[in-house]
Every structure is written in C-alpha cells, then in structure tokens.
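Student: Structure provided below as structure tokens; questions to follow.
The values are calculated or read from the model by the stated rules, or taken from the named source; none is laboratory data. On a predicted model such as this, the values are computed, not experimentally measured, just so you know. Backbone-built Cβ (ideal geometry, glycine too); neighbour counts: all protein chains shown. What goes into the accessible areas is simple: the full protein's heavy atoms, side chains included, and nothing from ligands, DNA or RNA. Shrake-Rupley method; radii C 1.70, N 1.55, O 1.52, S 1.80 Å.
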Amino acid sequence: MSALLRQIPANIPQDIRKIRIENSHLTELPRGSFENVSALEYLWLNFNNITVMHIKSLEYLPALKELRLQGNKLSSVPWTAFQDTPALKILDLKHNRLDVLPEHALRYLPNLTYLDLSSNQLTVISRDVFYSWPVYQRSQRAEGQIEAISNAVLALHDNPWICDCRLRGFVQFIKSVGPPIILMNSYLTCSRPKFRAGKFFHEVELNSCMKPLTSALDTNLTVPVGLNITLTCFVQGSPSPAVWWTYALKLLRAFNVSTEPISEETVRSELLIPAARPGDAGIYTCTAANFLGNTSVAITLHVGASWAPTTPPGWAPIAPAEPGAHVEVRIAKQTVYGITLEWFAAAAAAADPGETWYTLLVGRYDAAQKDTIYIGPGVNTYSVTNLLPATKYEVCVAVRNQAPRKGQCVVFVTGNDVSQLEQREKLIHIIVIVCAMVLAVPAGMYACTAEARPGCLARCSGACPRRRRGGQAQAAGSKESTLDSLPAGSEDGLCRHEGGRGARQTPAQEDPGKTRPPHRNSADLY
C-alpha cells in the first residue's frame, strides 16, 4: 500500500494466492506480468495510474477469480485478454475512463457474477454487448426451468449516457432485465441531449435512427441590395445531425450560422447574410450528416442591382450612412505574406459594440467584385494572407450595411521577390518620396490608406517633379538614392491627374515604338 512501485515485482513467490498493490505508481500491465504466479486467485490493483493493459498481461492465470482495477486511468480494455482467465467471477473497473464497450466485450467472461463499469465515460453501447454474454444467454435458456443459475450483479450507473436512437436497444434491455441479472442501481439517467438531461431510462421513449432529411421553405430567393437576408433549412434526423453551409464549395464561417432544435428530431439552421450585395448572389448549400449518411438542399439567391452610382470600387451601395457611424482602420501588423487590419468603431457605431457587425471586402484593387467577409460582434481584427506577388490589393471595412467612407480602406502592393532586399529598399524609397502619407512596410509589402489618396493626388502635380529634381541633385553619385536609377513607372500610378490637367506623359506616350522591359516592378502598380 502506497509503495513507490513502478512495475510489478519479479520475485513474487510462485504459490502466492493474493496480490494487493494500491495507491502506488504502476502505469501499465505488460505482457506476462504474472507468469510466475499461476496459483494467483485475487489481484487488487486499485488507485494506481494504470493507462495501458497488454492483451497478454493476464497470461498464465487460469485460477484468477477476482480482478479489481478501480480508480485507474484506463480508457480501453483488451477484452480478449480474459480468454486467459476462464475462472474470473469479479471484475471491478469503476472510476476509470472507459468510453467504449465493444459487442464482444463480455463474450470471454462465462462465469462472471459481478461486473462494475460505473463512473466511467460510457455514452452509447449496444444491447448486443449483453446478448452475447454467456451469463445472460444461460438465463434466457433457463426461463421456466428448475435449473438454478447464480445471480450476476451489473453496475452501470454514473456514466454520461447520450439518450438518442443509438441507445434505444440498451434502454430496452435495462427496462426488461431481471434476475438472475441484477442492476446495482436501476435508475440510470441521461446526460444528453439537453432536453433529456436528468431523466431516468424508464421515463424516455427513444425512436429508431434515421438518415437526415433536409428541406427549405423557399429554394429560390430574390432580394434587393442592402437587405439583411436569412437563409433557412430544416433538418430531420436521428441522432441529431451535424449541419453546415457552403457557398462556391467553401465552408461558411460558423458565426454567420445558427442551428437550434425545434423538436426532438428536427433542427432549424439559419445562415445570416447582412447587407446583401450582388457579389453574394449564388447557390448556398445546407448539408446535414450523421452516422447513417448525409443529405443537402441548395438555395439559390439573387440580389438586385446597385441603386447608387457613387460608391468605392467593388462595393454595392447599401443604405445611407448613419451619422457618426464611422470606422477607423489601421494596419496593425505587416509580414511577407500579408497584413493584419485593426479597426475601431466611433460615435454611433460604437454605441453597442457587442451587437455591431462589420463587412470586409478584400480583393485586387481593380477588381469589379471583391470577396465579402462578415465579421461578427466583438471582433476587430482580420489578417489578409496568401496574396499574389507584385499585385495591388484593396481592403475596406464598413459597419453593418453601410458603404465604406473615406479612410475605411487600405491599399497595398505586394513585393516581387522577398529575397531581393536591395530592390525592396528602392521600392519603399520611391513610394515614400512620391507620397508622404504612404506607409513603408517591411519584407516586400508596401501600403497606404485610401484616405491618403485624395491628398496625394492634390499634391502630386507639383510635388512629384520637385522631388524628382531634388533627388537628382541630392545624390548623383549614389545608385541607391538617385531617382534617375529608379523605375519611372512607380510614380505614374500615384500621381494621376484628373482631366489630364498637368498630366505627365508616360514612357509609352513619349515613344510609342519603345517597348517596356519584361520585368515589372511592384511600385509600377501604383
């Protein structure tokens, strides 16, 4: 008792009949643990840390009558190991971590009179486990006969039983069992699902299992731009199936989906699409699955055309902006692979941050339609990653169903090659010189907020030529800092002039016959 044993001693006398090692540090029962004590009848190994039991750990124990393994950490038992213990009558496995009882578990325990599986993690077992038990089979054959059969005590209480269709046969067995099989505690209770938690087995009626069936009230919907739309599908199945939504073969984020039971075998799943845009149109699929199979229903969504012409690229006009509902956006982190945005809602938008939804549009700067991402309440960061090199992107953030305002978009350009450190430094230098509001970012990425562009455009007409002349005079001998050595295309995109006023000729306009070099610098995208 309470000895610092870490393994079964090897020098146990051969004629020993009883071994009791408790509150020790045993962690496993290896093969042939008791091969030298074939006369052993009683083996108590309670309250150790046994997690593994070898399939031949009970070899050479034909006389063993009692095995107690209470209070260990067994999550499974090699039930075929009991072929080596045909005389076993008492098996105590309570207070372990058993979560599975296979159908053959009791087949090799023909003389068992006491089995304790209480206080484990059993959730679902088949009644066939007991129908294949020799003790139960003998009791069925002996009904109406005078033949005396020993009673068998069975303890199954204090397990987290899931009372759904999978447990139906076992519940029927518990309700009908009688002598010679005696339940130590006949009041077995359900732990799940919620609406059956705490109920006794004799209080529940379980139906047969059923493959899921999915349906929708309307599988073809048309909504106007800006409307919050909820797609709904109903799922019938037993046990309760897992439900998920997909769009264009992509799994939709869980915080846009709510699933709740409306009856014992029916659940309702809803997908929320706040402020519907034309880009949200398409086929949405609701899929349900349980162990019997899966099924799905498709819902086609059509979104009306935009009704306001003055909106940023890639955004559909939603609704008039609420006064004060403004979002401040900033770049919180920049890496070789992308950026992390952080935003803060101001004024009316922040009145109830726990209920405020945000909409993000992410895509190439010149794309007509951008990917839409709905961000639930309480989230104010998002990472844009896995981007293409040498590409100009735009990310915008808006509150709920509003169109983004000035300063709520971030424009950035990905670098050509993250290994070209010298070239990256040049590109950063170009952007900072051309537009002071641009952020110089490390590791091949360059970004500026959309809020900076109007100011940059206003100043570019005079600033760009002046800076070019200043740069030439400043360091004529330095290749790194001489603007003449930098690609002229880098300032063409940033220094656009409306209506051609003060417009600077591009190299193509100056010499139509001159071909551009094949290498395209990231800064040219501006």
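Student: Closer than 30 Å to HIS157 by Cα and hydrophobic (A, V, I, L, M, F, W, C): which single residue out of ALA281, ALA242 fits that description? Give the steps one after another, and end with the answer.
Tutor: Working: ALA281 fails: closer than 30 Å to HIS157 by Cα.
None of the other options fit; the residue is ALA242.
Student: Among the listed residues SER132, SER118, identify the single one that is open to solvent by less than 40 Å² (accessible area, probe 1.4 Å) and in contact (Cβ under 8 Å) with a residue 60 or more places away in the chain.
Tutor: Working: SER132 fails: in contact (Cβ under 8 Å) with a residue 60 or more places away in the chain.
Just a single option satisfies the conditions, and that option is SER118.
Student: Going by the structure shown, is GLN137 open to solvent by 60 Å² or more (accessible area, probe 1.4 Å), at pLDDT 90 or above and in a helix (DSSP H, G or I)?
Tutor: Working: open to solvent by 60 Å² or more (accessible area, probe 1.4 Å): yes; at pLDDT 90 or above: no; in a helix (DSSP H, G or I): yes.
In short, no.
Student: Go through (1) crowded, with 16+ Cβ neighbours inside 10 Å; (2) over 19 Å from LEU115 (Cβ atoms) for ASP84 and report which single condition fails.
Tutor: (2)
Student: Something else: Taking ALA216 as meeting all but one of (1) open to solvent by less than 70 Å² (accessible area, probe 1.4 Å); (2) over 30 Å from SER296 (Cβ atoms), write down the number of the exception.
Tutor: Here ALA216 meets the rest and fails (2).
Student: Take the residues in the stretch 103-115 that are over 15 Å from ILE182 (Cα atoms) and among the aliphatic types (A, V, I, L, M), then tell me which one is surrounded by the most Cβ atoms within 10 Å (Cβ to Cβ).
Tutor: Among residues in the stretch 103-115 that are over 15 Å from ILE182 (Cα atoms) and among the aliphatic types (A, V, I, L, M), the one surrounded by the most Cβ atoms within 10 Å (Cβ to Cβ) is LEU106.
Student: Next up: Could you please find all residues in the stretch 37-89 being under 42 Å from the mean Cα position of the chain (by Cα) and in a helix (DSSP H, G or I)?
Tutor: If the condition is that a residue be under 42 Å from the mean Cα position of the chain (by Cα) and in a helix (DSSP H, G or I), then TRP79, THR80, ALA81, PHE82 are the ones that fit.
Student: Let me spell it out: the conditions are (1) among the hydrophobic types (A, V, I, L, M, F, W, C); (2) open to solvent by 40 Å² or more (accessible area, probe 1.4 Å); (3) modelled with pLDDT under 70, and TRP357 meets all of them except one. Which number is the exception?
Tutor: All conditions pass for TRP357, except number (3).
Student: If you don't mind, there's one more thing I want to ask. Just checking, how many residues over the stretch 234-274 are closer than 22 Å to ILE373 by Cβ and touching a residue at least 12 places away in the same chain (Cβ under 8 Å)? Please lay out each step first, then the result.
Tutor: Taking the stretch 234-274 first, the residues closer than 22 Å to ILE373 by Cβ are 243-259, 269-274.
Now drop any that are not touching a residue at least 12 places away in the same chain (Cβ under 8 Å), which leaves 243-248, 252-253, 255-259, 269-274.
The number of residues fulfilling the criteria is 19.
Student: Out of curiosity, is ILE55 within 21 Å of ARG97 (Cβ to Cβ), hydrophobic (A, V, I, L, M, F, W, C) and either open to solvent by less than 20 Å² (accessible area, probe 1.4 Å) or in contact (Cβ under 8 Å) with a residue 60 or more places away in the chain (or both)?
Tutor: Numbers: within 21 Å of ARG97 (Cβ to Cβ): yes; hydrophobic (A, V, I, L, M, F, W, C): yes; either open to solvent by less than 20 Å² (accessible area, probe 1.4 Å) or in contact (Cβ under 8 Å) with a residue 60 or more places away in the chain (or both): no.
The answer is no for ILE55.
Student: Still on this structure: Scan THR189, THR232 and give me the residue that is modelled with pLDDT of 90 or more, not assigned by the TED database to the domain that holds ALA275 and not basic (Lys, Arg). If you could, list the steps in order and put the result at the bottom.
Tutor: Details: THR232 fails: not assigned by the TED database to the domain that holds ALA275.
Testing whether each residue is modelled with pLDDT of 90 or more, not assigned by the TED database to the domain that holds ALA275 and not basic (Lys, Arg) leaves just THR189.
Student: Given VAL100, VAL77, which one is within 25 Å of ASP128 (Cα to Cα), open to solvent by less than 40 Å² (accessible area, probe 1.4 Å) and in the same structural domain as ASP116 (by the TED database)? Write out each step before concluding.
Tutor: Details: VAL100 fails: open to solvent by less than 40 Å² (accessible area, probe 1.4 Å).
It is VAL77.
Student: Restricting attention to the stretch 367-386, report how many residues are modelled with pLDDT under 80 and not in a strand (DSSP E or B).
Tutor: So the answer is 10.
Student: Here is a list: PRO317, PRO278, PRO261, PRO312. Which entry is modelled with pLDDT under 90 and open to solvent by 70 Å² or more (accessible area, probe 1.4 Å)? Before the answer, list the steps.
Tutor: On the way: PRO317 fails: open to solvent by 70 Å² or more (accessible area, probe 1.4 Å); PRO278 fails: open to solvent by 70 Å² or more (accessible area, probe 1.4 Å); PRO312 fails: open to solvent by 70 Å² or more (accessible area, probe 1.4 Å).
PRO261 is the lone residue from the list that is modelled with pLDDT under 90 and open to solvent by 70 Å² or more (accessible area, probe 1.4 Å).
Student: Then there's this: Out of the residues in the stretch 19-41 meeting the condition of being farther than 13 Å from LEU61 by Cα and aliphatic (A, V, I, L, M), tell me which one is most open to solvent (accessible area, probe 1.4 Å).
Tutor: If we filter the stretch 19-41 for residues that are farther than 13 Å from LEU61 by Cα, which is where we start, we get 20-30.
Among the residues that remain, those that are also aliphatic (A, V, I, L, M) are: 21, 26, 29.
Details: ILE21: 19, LEU26: 0, LEU29: 2 Å².
This residue is ILE21.
Student: If we keep just the residues of the stretch 1-18 that are closer than 18 Å to LEU88 by Cα and in a loop (DSSP other than H, G, I, E, B), which is most open to solvent (accessible area, probe 1.4 Å)? Steps first, answer last, please.
Tutor: Filtering the stretch 1-18 down to residues closer than 18 Å to LEU88 by Cα leaves 16-18.
Narrowing the set further to residues that are in a loop (DSSP other than H, G, I, E, B) leaves 16-17.
Values: ILE16: 51, ARG17: 123 Å².
Applying the filter and picking the extreme gives ARG17.
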